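Written out below as structure tokens is the structure these notes cover.
None of the figures in this text is laboratory data; all of them are computed from the coordinates on show. Here the structure is a predicted model, which means the values were calculated and not measured. Don't worry about glycine lacking a Cβ; one is built from the backbone with ideal geometry, like all the others, and counts go over all protein chains shown.
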Amino acid sequence: MTDESLVERIEMWMTGQMPIIQMHGGTSVVREANPDTGEVVVELGGGCSGCGVSNITAENIRRDLIMDFEEVTDVTVRVPSSGDQGASTVEGGRGGELKYETDAANHF
């Protein structure tokens with residue numbers, strides 16, 4: 001056991017295990033990590049807000065934290081929603097309009 005708090009250890013774990021969050025413009029913050037109760041609260045933001053796969057990321061975080069930290073038994077992952085749906089969340093959450101072409105591309 002180290003002198004680092006559970007919050008610090010989880011923050012370091014998030015940076016190492018979930019670099020895709022930062023690579024896609026997202027952010028993550030450990031809001032709470034109580035070694036006595038086993039409760040952890042992580043908040044995702046930035047590019048994660050409104051992202052179509054943020055629920056998968058959140059589920060992976062929940063599962064992996066419980067597996068990797070003996071003292072963690074309950075994980076809540078908060079993902080603020082931008083309210084955007086469908087076409088506005090294409091391109092991996094970068095926004096933009098989804099366009100449909102009726103003309104053949106003629107590149108084959």
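Taken over region 41-71, the residue count meeting the criterion of being in a helix (DSSP H, G or I) and in contact with an Asp or Glu (Cβ under 7 Å, 6 or more places away or on another chain) is 0.
Just give me the residues in region 20-43 being surrounded by fewer than 17 Cβ atoms within 10 Å (Cβ to Cβ) and polar (S, T, N, Q), in sequence order. 22, 27, 34, 37 - these are the residues of region 20-43 that are surrounded by fewer than 17 Cβ atoms within 10 Å (Cβ to Cβ) and polar (S, T, N, Q).
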